[in-house]
Every structure is written in C-alpha cells, then in structure tokens.
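Throughout, read-outs are computed from the coordinates displayed, never taken from laboratory work. Here the structure is a predicted model, which means the values were calculated and not measured. Cβ sites come from the backbone with ideal geometry, for glycine too, and all protein chains shown count toward neighbours.
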Amino acid sequence: MIRKAEKSDCMDLAVLSLQVWLHTYAIKGIRSQISQYALSTFTEGHFIDLLNKKSIDIRVFEEDSHLTGFIVVDLESTFKGSSNSGYEVVTLYVSQHFQGAGIGRKLLKEVEGLYGLPFWLSTWVNNHRALGFYNRLGFNMVGEVNFNLEGELHRNHVLSYTGR
C-alpha cells in the first residue's frame, strides 16, 4: 500500500534510510565521514522537517504494517542543466530485502500520477543496480552533479524521465 507519509513514520524513515544508504554507499566499510553524514542526516527530525516543507511530498510503501520503501519529491527543485527538467525525485529508497519486487516502480508511478511528467533525479555513478533500474524504465542521462560528503566530491549522473 502506498500512502502519504505522516509524522509517526519519521523514525522508520530515518532507520530505513540508514539501512539503504549504508548498504549502497559504504561498500568499503565505515569511516568517520560516512558515520558523520549518516548519523547527522538520517534522523527523525530530518524527516519531520521535510514533512513541514510545502514543496516536499513523501510517500511510503507499507506491507503488513512494515515500511519497505519510500519516495521523496521536491516539487520546486529543477535541474539547471535542462530547460524542462520538471520536479526532483530527491530520494527513492527500497529496503534491499524487497528490491526487485516492483516497489520502486510503483512509487515512481504514484508520483507521476500525482504530479505528472517530467521529473529528474541523481544517482551515484557506481550505483550500478540503480542505474540499471532507471535505464530499464526509460530514464535518460541529462547531466552530472557532485555529491559533497564531508568535503569529498562524488560524481552522480542526473537522469530525466519524460515517459515512454
């Protein structure tokens, strides 16, 4: 079931974010920059702040009262490298235990149904699983941005979806 996130979901959103982010980006293990970023970013307060922003929508995928995935969109964010980029999918996270079950696709279809096309997102150049997923759905690469992790720049592909 997909529904709008509520304040009572914020702790679960924080923990699921930690699980997915660490599994995806801490592929060489844990170090202080990773720990600092993860523990200061993925907090209950962070998600409460997001819920209070008018331009942000968070939708959760829940199965048997368990949060298994979520999507965060920023309706006011645009990609400067594209003239008609649409809104941004800031985060699309699905627990590794449920990847491949269609949850990410359903969450993307949900926001497409609510807000239309086009939309864009960025993903780390070494996140091959995500890049393959977006490629299968018909996303196109439109540029690059850098993610700043405690002073280290990490290259991300910017992908746009305009529909099939």
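Considering only DSSP states other than H, G, I, E and B, which trypsin sites (Lys or Arg not before Pro) in the range 1-51 qualify as loop sites with at most 13 other Cβ atoms within 10 Å?
The qualifying sites are Lys28, Arg31.
Of Val60, Val15, Val90, which has the largest mean-square fluctuation in a 10 Å C-alpha GNM of the chain?
Looking only at Val60, Val15, Val90, the largest GNM fluctuation is found for Val15.
Which Cα, out of Asn146, Ser77, Val89, lies furthest along the positive dipole direction of the range 2-161 (beta carbon charges, K/R +1, D/E -1)?
Sorting the options by dipole projection puts first Asn146.
For the chain, please report how many Lys pairs fall under 22 Å Cα to Cα, leaving out neighbours fewer than 8 apart on the same chain.
Value for the chain: 9.
According to the Kirkwood expression over distinct Cα-Cα pairs, how big is the hydrodynamic radius of the range 30-122, in Å?
Averaging 1/r across every pair of different Cα atoms and inverting gives 14.6 Å.
How large is the helix-only mean residue ellipticity at 222 nm for the chain, computed as the sum of -39500 (n - 2.57) over DSSP H runs with n ≥ 4, divided by its residue count, in deg cm²/dmol to the nearest 500?
-10500 deg cm²/dmol
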